[in-house]
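Below is one structure, written out as structure tokens; comments come after it.
The values are calculated or read from the model by the stated rules, or taken from the named source; none is laboratory data. Fair warning: this is a prediction, and the values are worked out from it, not measured in the lab. Glycine gets a Cβ as well: all are built from the backbone with ideal geometry, and neighbour counts include every protein chain shown.
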Amino acid sequence: MNILFKVDHYISKITRSIYSNVPNMTVNNQKIINGVKWVGEHISSPQNRLILGASALMSQPFIDLYNKNVDEETRKTSAARTVAKIIAGTTTGFLVRYYCIKAIDTFAKIPKKGVKPWETILTPDMVKTGLKNLGNYKQALGTILSLWVMLFTNFAIDAPFTKYLTNKFINKVHNYEQYKKWREQVNNE
């Protein structure tokens, strides 16, 4: 019991230290505020996942390819695995987010004539009294649902898909290396 108290004490002390040393700031620039507001209103969670995946694909494989601390074969394998992980993670993340938000959209409709009762299962009670941001509610609830779904899909889909793509990419790299050797032989003859 005494050890748990000490661990809790040190964790609390570290947390306070980090919080105290992180600088606080308030953004007053209206252009920045409007830009952040626009992004929040126009870029959905699935689109955000695609943006993150594209930026990762443009940078991370090159870091692996030019890592001089490992041999050439390891660099190529690492880059192939990185590309596979990015593609698998982005694809799964996008699809899960997209379909979870669509599912929430299906089950969170405003109750009115012509809307079936099952289509309002996830509609908050506030909507009847005038919830203005039902769209934001649906996006947020869909994103939360997708996070729970991804706890499962990361193991059931991402990992096998990453392994499959990694093997495909490594085979392509090896085939290309064999092709280059063959071309050298043909050119030297």
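General observations
- Condition check for THR91: touching a residue at least 40 places away in the same chain (Cβ under 8 Å), of a type outside the set (A, V, I, L, M) and either touching a Phe, Trp or Tyr at 6+ places or on another chain (Cβ under 8 Å) or over 25 Å from SER55 (Cα atoms) (or both): yes
Residues are listed down the side, and each one gets a yes or a no for (1) among the hydrophobic types (A, V, I, L, M, F, W, C); (2) out of contact with any His (no Cβ under 9 Å at 6 or more places or on another chain); (3) closer than 23 Å to ASN154 by Cβ; (4) modelled with pLDDT of 85 or more:
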site	(1), (2), (3), (4)
THR15	no, yes, no, no
TYR19	no, yes, no, no
MET25	yes, yes, no, no
ASN34	no, yes, no, yes
ASN69	no, yes, no, yes
GLY89	no, yes, yes, yes
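- Every listed requirement among (1) assigned to a helix (DSSP H, G or I); (2) in contact with a Phe, Trp or Tyr (Cβ under 8 Å, 6 or more places away or on another chain) is met by ILE104 save one, (2).
- Here the condition is being assigned to a helix (DSSP H, G or I), modelled with pLDDT of 85 or more and within 25 Å of ASN133 (Cα to Cα); of ARG81, ARG75, ARG97, it holds for ARG97 alone.
- Residues satisfying the stated conditions in the stretch 141-164, i.e. surrounded by fewer than 17 Cβ atoms within 10 Å (Cβ to Cβ) and more than 15 Å from ARG49 (Cβ to Cβ): TRP148, LEU151, PHE152, PHE155, ALA156, ALA159, PRO160, LYS163, TYR164
- Verdict on GLY89 being more than 18 Å from LYS168 (Cα to Cα) and part of a helix (DSSP H, G or I): no
- The stretch 40-72: number of residues that are assigned to a helix (DSSP H, G or I), among the small types (Gly, Ala, Ser) and surrounded by 15 or more Cβ atoms within 10 Å (Cβ to Cβ): 3
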